[in-house]
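Scroll down for the structure; my scribbles are underneath it.
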Amino acid sequence: MLFRSWRQSFEVDFHTPVWSNDGSKIVFTGEGPSGLDQLFVADRSTHTAVRITNDGLDYTGAVWSPDDTQLFAAAADDGVFSIYRIRANGGTAEKILTGYGEVAGVDPSGKWLYAVRRVSRNQTQLDAVPLPSGKPVPVAAMNFAEDAWVTRDGVYFLERRGETPLAPVTLKFRSHAGAVKVIQEYSKPPGRGLSVSPDGRYATTTQVVPPISNLMVLESGK
């Protein structure tokens, strides 16, 4: 398989770029004229990216709606984090949820948003939030905001066990309907962040061992 280089110069943020559901575009955060991180959308067919936000918010990542017409993004306004909804072709950001600093994904129906809020210095909370409004449903306490991965079938997450910093975790899967399955338990966190293969057999995470980070592959045994 040949991977061709597609490059365009931007001050790209460290948050992982996210492909649209149809595979035609990528959304990422990069530095805007004001010095704050803004949202950019790159088109695969034209190999160009355009900035779709130009405001006083400092964005920390975005995900696509199921039909790829909207983006849900976490952003800080004077240090206060909220979740915003923006048209994928640009426009004014609409605040829809306060107190959350990370968006994990949207379910295929577009009726539920998975968002993460910080509970304490060492703990974050993953919630399923009904759209357009409603009471959030707690899903799991986690060590890191990046410890969740949303798929068409449900959400994988590393749920913490205990109150200590970097508590032991359990890799679990929750269907969008709410059924939960335990996949594997770990006596210490395998890493930070989570990405799961389409067949659900493998997960990847980043194990930080200063001064470098190691990419770890976890096998579910499916």
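FYI, it's all coordinate maths here, none of it is from the lab. These numbers were taken from a predicted model, which means no experiment stands behind them. Note: ideal-geometry Cβ built from the backbone for every residue, glycine included; neighbour counts use all protein chains shown.
Here are a few things to note about the model shown:
- Simple Cβ-charge dipole of the range 123-208, Lys/Arg +1 and Asp/Glu -1, about Cα centre, in debye nearest 20: 100
- Burial order of peptide ranges 21-28, 152-159 (average beta-carbon count within 10 Å, highest first): 152-159, 21-28
- Given Lys111/Lys172; Lys25/Lys95; Lys25/Lys181; Lys135/Lys188, the pairs whose alpha carbons are separated by over 30 Å: Lys25/Lys181; Lys135/Lys188
- Calculated log₁₀ intensity ratio I(q)/I(0) where the Debye formula runs over C-alpha points of the range 38-152, q = 0.24 Å⁻¹: -1.44
- For the chain: Kirkwood Rh in Å [reciprocal of mean 1/r, alpha carbons]: 18.2
- Net charge dipole, the range 30-76: roughly 100 debye, given to the nearest 20, about the Cα centre with Cβ charges of +1 for Lys and Arg and -1 for Asp and Glu.
- Karplus-derived 3J(HN,Hα) values for the range 166-183, using 6.51 cos²θ - 1.76 cosθ + 1.60 with θ = phi - 60°, are 6, 5, x, 10, 10, 7, 10, 10, 10, 5, 5, 7, x, 6, 10, 10, 7, 9 Hz; glycine and proline are entered as x.
- The chain - charge dipole about Cα centre, Lys and Arg +1 at Cβ, Asp and Glu -1, debye rounded to 20: 560
- Protection-proxy order for peptides 180-189, 163-172, each taking the mean of Cβ atoms within 10 Å per residue, highest first: 163-172, 180-189
- When the Cα positions of Pro138, Ser20, Ser65 are compared along the charge dipole of the chain, Pro138 comes out farthest toward the positive end, with charges on each C-beta of Lys, Arg, Asp and Glu.
- The chain: relative contact order in percent, alpha carbon pairs under 8 Å with at least 6 residues between: 9
- ³J(HN,Hα), Karplus 6.51/-1.76/1.60, whole Hz, each residue of the range 114-125, x for Gly, Pro: 9, 10, 10, 10, 7, 8, 8, 4, 10, 8, 10, 10
- Inter-centroid distance (Cα atoms) of the range 115-182 relative to the range 31-86, Å: 23
- Positive dipole terminus of the chain, leading residue within Asn214, Asn54, Thr29 (C-beta point charges): Asn214
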